[in-house]
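Presented below is the structure to which this report refers.
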Amino acid sequence: MKKTLSRTLTRPGFWAATAGQLFISTQIWVSLHVAFDPGTSFRDELWPAAVFFAVGITVSTLLSPLLERAILKDDAGLSDEQAASLEWALRTGAFPLATLFADWGPALEKKRRDLMFGQWLGPIFMAGLIALNVYDSSVDPDGFWFYWISAIVYAVLAVVGRVVGRRRIRRIGSLEQQLQELRGRVPSPR
């Protein structure tokens, strides 16, 4: 399954993620500037930061499908079709029939490790961002609403990330169990 620019640009999730990146990167930039230079206000920093990150994210968005293969290497050695089938299995919780012809054990283990790392690192990162916004709301009283809304968004993202991550980890465990059952039923060639 080849990922092309036109296919990527037609996905609503892609645009939602791009808008989220723009919001989060701009908000972090503004918060850091206000934290390190308390004489400034979020209004002083918001427009230049938003323009800078809008240009950066637009360029990276247009180049991402071209650079994706070079950056994200498939350690499990799955073909494009097998990787798409694995993603489908992770979303639905059921293996397709093609499972018998691919060794998905290493790919599932890698996904589990990545999710466990995200489950550990995500709350720490979000707690830092929430603390930064709470601090900035005390330094810049004019932007009180901006920082508290941002802190609430980060808290919601942390909770949603935790819930989704746990669900994916449970689903990976279920898929590994299904894979072992399938291997137990299929006679091995002698």
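The values are calculated or read from the model by the stated rules, or taken from the named source; none is laboratory data. Predicted, not measured: the structure shown is a model, and the values here were computed from it. Glycine also receives a Cβ, built like all others from the backbone with ideal geometry; neighbour counts cover every protein chain displayed. Areas reflect the complete protein model, heavy atoms only, side chains present, ligands, DNA and RNA absent. Shrake-Rupley method; radii C 1.70, N 1.55, O 1.52, S 1.80 Å.
A few comments on the model shown:
- Checklist (1) modelled with pLDDT under 75; (2) within 30 Å of Gln177 (Cα to Cα); (3) surrounded by 14 or more Cβ atoms within 10 Å (Cβ to Cβ) applied to Leu90, failing item: (1)
- Number of positions in the stretch 150-178 that are of a type in the set (A, V, I, L, M) and within 16 Å of Leu32 (Cα to Cα): 1
- Options Arg112, Arg170, Arg166: the member that is touching a helix residue (DSSP H, G or I) at 6+ places or on another chain (Cβ under 9 Å), of a type in the set (D, E, K, R), closer than 19 Å to Gly93 by Cβ and open to solvent by 70 Å² or more (accessible area, probe 1.4 Å): Arg166
- Residues in the stretch 23-35 include at least one that is modelled with pLDDT of 70 or more, polar (S, T, N, Q), under 30 Å from Lys110 (Cα atoms) and surrounded by 13 or more Cβ atoms within 10 Å (Cβ to Cβ).
- Residues located in the stretch 131-156, provided they are open to solvent by 70 Å² or more (accessible area, probe 1.4 Å) and under 27 Å from Lys110 (Cα atoms): Val156
- The single condition among (1) open to solvent by 60 Å² or more (accessible area, probe 1.4 Å); (2) over 20 Å from Ile28 (Cβ atoms); (3) of a type outside the set (S, T, N, Q) that Val159 does not meet is (2).
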